[in-house]
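Only one structure is covered here, and it is reproduced in the block below.
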Amino acid sequence: MVNEELALSPTSLSLETVKSCVTISTESSISIYDLYTNQRRLLILILLSLAGIVLPFSDTVYLPALAEIEHDLHASTVLVDYTISAYLISAGIAGFLWGPLSDRFGRKIILIVTFILFLAFTIVCALARTIAVLLVFRSLQGAVICASFVVGQSAVVDIYPPEKIGFAMGLFLVPLLVGPIIGPFIGGILSSVFGWRSTFIALGIMTIIATLMIFFFVPETHPHLVYQRLSRKLQKNSDDKNTKAALNVRETDIIMKPRFIPPWRSLIFLFDMTLIPHIALCNSNFSILFLLFTVMSNRLTEKPYLLSPFSIGLCYIPTGIGSLTGSLCGGWISDWSAKRFPRAIEGRLIFNLIGSFLCPFGLLLCGWSFHFNLHLAGPLIGSTLFCFGETFMFTSTSAFATIKKPTMAGTILALISSIGFLSSGIGIIVIIPLFKILKFGYLFSILAAIVFLLICISGMVIIFQIRKSNLTTTHSNIMKTTPSSHALIDQSKDIIPIQLF
């Protein structure tokens with residue numbers, strides 16, 4: 001009787017029978033990224049992106065109706081603005097948790113659970129009769145929906161190889177950046193016709209659709225869980241059930257046993273001097289972005305503009321287009337720059353950092369236009385330039401961080417987004433009252449100076465790392481050894497490496 005060999009085809013990943021003994025072909029290793037065809041990867045990416053649009057839609061859908069909420073709930077302008085900051089702060093705090101949880105339990109289950117919770121909290125917001133109820137449940141909304149961004153990015157990192165991750169991140173952010181375009185626009189229409197509560201009803205419908213898409217069409221992407229599933233499939237199809245099937249996978253460093261890293265452990269990355277300058281720049285711009293959106297909504301209801309909720313919604317379209325264009329261009333430029341400067345990972349940040357100089361320029365134009373009550377075109381152009389520069393840099397920084405720390409993609413992305421949400425919420429609380437003291441022009445000038453300084457610091461770190469890489473010998477071939485099955489199964493200690501230059 002002739003036994004059969006089970007050989008894994010890297011291209012089709014199907015089990016083929018050839019005559020020999022019961023073994024697994026290990027003559028050629030496969031890549032974990034070969035588990036997905038280009039079409040399959042793109043489909044997963046699109047579905048995750050579409051589901052993730054709930055986050056920015058929730059951020060911005062009721063911005064045109066802030067004045068209406070203030071009147072309907074008999075609340076002050078400050079308290080209504082605090083519903084935004086409470087949402088962002090809770091998103092920042094909870095964001096530290098979702099990344100490690102997805103690293104431990106998988107991406108799909110976390111996404112489904114958080115979307116269901118978000119739907120429940122949205123229903124309560126739609127029925128809120130007091131500003132206190134709205135404040136509490138907006139906070140809970142932010143705490144759960146931030147998972148769609150953190151975990152969604154982690155899933156993208158799972159399925160795309162490093163040389164394509166910049167493009168993938170840019171594409172992933174497209175619907176997330178369409179949210180600021182359609183959110184205020186749709187919110188303005190709904191608020192004008194049906195009242196501000198209708199914005200939360202629309203948000204609930206979107207959440208149901210997103211949950212169904214994730215449940216039925218998005219697979220689990222965590223590398224180790226995928227590896228285990230394929231190993232079980234090989235074992236099931238093996239003639240000799242006593243033979244342990246194992247795949248020869250190249251990326252042994254990212255296929256480790258799922259484990260939960262306590263959220264506070266990720267804070268050690270704040271001491272990594274090759275990461276923190278770029279994270280600080282991105283999160284500063286991210287915080288100013290939400291501050292800008294909140295200020296615009298309030299300022300455009302005052303003289304000389306006096307715009308309706310619908311008109312205010314239209315004013316967010318140029319900023320959304322700027323963000324969308326910046327994300328797409330930033331992802332492509334990041335991948336191109338990585339090929340041009342291959343010796344250092346920081347090479348992918350060079351041209352994106354140059355583009356981020358649009359941020360301080362846009363802030364100055366927007367702030368002083370509001371300060372002198374200039375034509376509406378002034379602040380709109382300024383805010384659009386800022387949004388382009390913000391996403392142009394953010395896309396490349398996300399790709400850079402995940403390539404630098406591939407084994408903890410969820411954790412590092414959770415850190416980036418959490419700091420961004422926290423600083424945004426705190427910024428709204430602290431800075432908005434200062435507008436009555438410093439006025440628009442002076443305060444926006446201070447913010448522009450801070451961004452300019454952070455760009456310079458980030459640039460110096462990039463130059464230092466590239467020069468350092470040119471003085472060292474490339475050692476990429478050292479790791480090209482055949483992995484053992486033990487390396488794929490267990491990690492006894494949670495070691496988080498940091499780099500102090």
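For S231, state whether it is part of a helix (DSSP H, G or I), of a type in the set (S, T, Y), without any contact (Cβ under 8 Å) to a residue 60 or more places away in the chain and surrounded by fewer than 21 Cβ atoms within 10 Å (Cβ to Cβ). Before the answer, list the steps.
Values: part of a helix (DSSP H, G or I): yes; of a type in the set (S, T, Y): yes; without any contact (Cβ under 8 Å) to a residue 60 or more places away in the chain: yes; surrounded by fewer than 21 Cβ atoms within 10 Å (Cβ to Cβ): yes.
Judged against the criteria, S231 is a match.
Being modelled with pLDDT of 85 or more, among the aliphatic types (A, V, I, L, M) and within 17 Å of the chain's Cα centre (by Cα) is true for just one of I419, I403, I457. Which residue is that? Spell out the reasoning first.
Details: I403 fails: modelled with pLDDT of 85 or more; I457 fails: within 17 Å of the chain's Cα centre (by Cα).
Going through I419, I403, I457 in turn, the sole match is I419.
Which of the residues spanning segment 102-140 are under 17 Å from the mean Cα position of the chain (by Cα) and over 20 Å from F172 (Cβ atoms)?
Passing the criteria: none in range.
Which of the residues spanning segment 307-335 are aromatic (F, W, Y) and farther than 27 Å from F194 by Cβ?
Going residue by residue through segment 307-335, those that are aromatic (F, W, Y) are 310, 316, 332.
W332, the sole residue that qualifies.
When both residues are 6+ apart or on different chains and their Cβ atoms are under 9 Å apart, which pairs have a first residue that lies in segment 318-342 and is closer than 16 Å to S356 by Cβ and among the charged types (D, E, K, R), and a second that is modelled with pLDDT of 85 or more and in a helix (DSSP H, G or I)?
Final answer for the pair search is none.
Residue by residue, here is whether (1) at pLDDT below 85; (2) more than 26 Å from M296 (Cβ to Cβ); (3) in a helix (DSSP H, G or I) holds:
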{"site": "C387", "(1), (2), (3)": "no, no, yes"}
{"site": "I432", "(1), (2), (3)": "yes, no, yes"}
{"site": "L443", "(1), (2), (3)": "no, no, yes"}
{"site": "V461", "(1), (2), (3)": "no, yes, yes"}
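Being within 14 Å of P56 (Cα to Cα) and modelled with pLDDT under 80 is true for just one of G187, G204, G179. Which residue is that?
Working: G187 fails: modelled with pLDDT under 80; G204 fails: modelled with pLDDT under 80.
Going through G187, G204, G179 in turn, the sole match is G179.
On the given criteria, is F394 out of contact with any Lys or Arg (no Cβ under 8 Å at 6 or more places or on another chain), buried (at least 24 other Cβ atoms within 10 Å of the Cβ) and not small (G, A, S)? Explain how you work it out, then say what you get.
Working: out of contact with any Lys or Arg (no Cβ under 8 Å at 6 or more places or on another chain): yes; buried (at least 24 other Cβ atoms within 10 Å of the Cβ): yes; not small (G, A, S): yes.
Yes.
So, in segment 343-362, exactly how many residues are in contact (Cβ under 8 Å) with a residue 40 or more places away in the chain and among the aromatic types (F, W, Y)?
Quick first cut of segment 343-362, residues in contact (Cβ under 8 Å) with a residue 40 or more places away in the chain only: 343-350, 352-353, 356-357, 359-361.
Next cut, among the aromatic types (F, W, Y) only: 357, 361.
Within segment 343-362, residues that are in contact (Cβ under 8 Å) with a residue 40 or more places away in the chain and among the aromatic types (F, W, Y) number 2.
Can we say P318 is over 24 Å from I446 (Cβ atoms) and at pLDDT below 80? Can you show your working first?
Working: over 24 Å from I446 (Cβ atoms): yes; at pLDDT below 80: no.
In short, no.
Report the residue count in segment 331-350 for those that are out of contact with any Asp or Glu (no Cβ under 8 Å at 6 or more places or on another chain), assigned to a helix (DSSP H, G or I) and surrounded by fewer than 19 Cβ atoms within 10 Å (Cβ to Cβ). Quick ask: steps written out before the conclusion?
Here is the first cut: in segment 331-350, the ones out of contact with any Asp or Glu (no Cβ under 8 Å at 6 or more places or on another chain) are 331-334, 336-337, 340-347, 349-350.
Subset that is assigned to a helix (DSSP H, G or I): 331-334, 336-337, 340, 345-347, 349-350.
If we keep only those that are surrounded by fewer than 19 Cβ atoms within 10 Å (Cβ to Cβ) too, we end up with 332, 336, 340.
Here the count works out to 3.
Out of all the residues in segment 124-143, which are surrounded by fewer than 16 Cβ atoms within 10 Å (Cβ to Cβ) and assigned to a helix (DSSP H, G or I)? Break it down into steps so the answer makes sense when it comes.
Narrowing segment 124-143 to residues surrounded by fewer than 16 Cβ atoms within 10 Å (Cβ to Cβ): 127, 129-130, 132-133.
If the condition is that a residue be surrounded by fewer than 16 Cβ atoms within 10 Å (Cβ to Cβ) and assigned to a helix (DSSP H, G or I), then L127, A132, V133 are the ones that fit.
Report whether or not L314 is more than 19 Å from the chain's Cα centre (by Cα), farther than 20 Å from M169 by Cα and not in a helix (DSSP H, G or I).
Details: more than 19 Å from the chain's Cα centre (by Cα): yes; farther than 20 Å from M169 by Cα: yes; not in a helix (DSSP H, G or I): no.
No.
Quick one: which residue in L328, L324 is within 16 Å of K164 (Cα to Cα), assigned by TED's automatic domain parsing to the domain that holds F464, among the aliphatic types (A, V, I, L, M) and part of a helix (DSSP H, G or I)? Give the derivation first.
Details: L324 fails: within 16 Å of K164 (Cα to Cα).
One residue alone meets the criteria, L328.
The values are calculated or read from the model by the stated rules, or taken from the named source; none is laboratory data. These figures come from a predicted structure and were not determined experimentally. Using ideal geometry, Cβ is built from the backbone for each residue, glycine included, and neighbour counts are taken over all protein chains shown.
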